[in-house]
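Read the structure below first, then the notes.
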């Protein structure tokens, strides 16, 4: 199979625009754990091996536990995640699986738990990782060798 497109090399301006969005998320008020939970869960749903690998490593570096990482795809069946994290994960799933639409119930709970700026940053973090997942999957980014 022919090598797939490398967006950074082929269209640096497009990559730079995506990177600007990522840099905004990095400087947002979102907690580091919230950011990584969003990134891992969306990447699991999308089947993006490159991003799952990257973000589970980053989550461990900031203190996330192995147990919570392993149970992230079954978060509803455990009490290891806070109420805020559960709503963030529900939003992540609903926005990632956009065909099912974001429910009013989930959105209302999020609006009650988070101020508007934090909620906007949650949504933008979800949108951003979904974009990165799609770029990585389309370009078939290889996993880094440890």
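So the values come out like this:
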{"read-out": "Test: residue in region 108-120 that is farther than 17 Å from residue 55 by Cα and touching a residue at least 60 places away in the same chain (Cβ under 8 Å)", "value": "yes"}
{"read-out": "One residue from 33, 5, 62 being modelled with pLDDT under 95, surrounded by 11 or more Cβ atoms within 10 Å (Cβ to Cβ) and either more than 24 Å from residue 98 (Cα to Cα) or out of contact with any helix residue (DSSP H, G or I) (no Cβ under 7 Å at 6 or more places or on another chain) (or both)", "value": "5"}
{"read-out": "Test for residue 56: is it modelled with pLDDT of 95 or more, out of contact with any helix residue (DSSP H, G or I) (no Cβ under 6 Å at 6 or more places or on another chain) and surrounded by fewer than 21 Cβ atoms within 10 Å (Cβ to Cβ)", "value": "no"}
{"read-out": "Unique residue being more than 17 Å from residue 117 (Cα to Cα) and more than 10 Å from the chain's Cα centre (by Cα) when the list is 16, 39", "value": "16"}
{"read-out": "Close pairs (7 angstrom Cβ cut-off, 6 or more residues apart or separate chains): buried (at least 19 other Cβ atoms within 10 Å of the Cβ) in region 78-90, assigned to a loop (DSSP other than H, G, I, E, B) anywhere", "value": "89/81"}
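The values are calculated or read from the model by the stated rules, or taken from the named source; none is laboratory data. Predicted model only: the values in this text are computed from it and were never measured. As a convention, Cβ positions derive from the backbone with ideal geometry for all residues, glycine included, and neighbour counts pool all protein chains shown.
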